[in-house]
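Just so you know, all these numbers are worked out from the coordinates, no wet-lab data involved. Everything numeric in this text was worked out from a predicted model, so none of it was measured. Ideal geometry is used to build each Cβ from the backbone, glycine not excepted, and the neighbour counts take in all protein chains shown.
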């Protein structure tokens with residue numbers, strides 16, 4: 001079977017059933033990195049709401065990790081969403097409404113190589 005790259009997080013599998021070949025497409029959830037900028041002196045107020053989010057704060061979204069970062073941004077949130085609409089809903093309706101958040105940047109991510117062995 002020829003090599004098929006995992007572009008756009010879609011994996012193709014060849015399935016044979018009763019001598020009929022067809023393609024079955026399985027879509028993996030897309031990963032996103034949300035960068036969060038806060039007002040000065042608001043880090044403590046943002047930390048608490050981030051820690052209160054459940055693993056699945058909205059339908060179709062699963063949180064993976066939260067980071068405090070240095071530089072232009074203050075926090076980063078790694079999450080998966082089954083659709084872009086659910087990712088936008090989470091960032092727009094949950095993160096941006098937290099007191100002190102002044103700007104967000106949401107980056108969809110597609111892996112090009114996995115370095116960890118499972």
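Quick one: length gained pulling residue 55 to residue 113 fully straight, 0.36 nm per residue minus the C-alpha distance? Each step should come with its number before you reach the end.
Values: separation 58, 0.36 × 58 = 20.88 nm, distance 2.60 nm.
The residue 55-residue 113 span can extend by a further 18.3 nm.
Each label point is 7 Å from the Cα along the Cα-to-Cβ direction; what then is the distance between the points at residue 65 and residue 105, in nm?
1.9 nm
To make sure I understand, if each residue's beta carbon is the centre and we count other beta carbons within 10 Å, what order do 115, 32, 47 fall in, fewest to most?
115, 47, 32
Multiplying the sequence separation of residue 37 and residue 76 by 0.36 nm and subtracting their Cα-Cα distance, what value in nm do you get?
Value of the extension gain: 13.1 nm.
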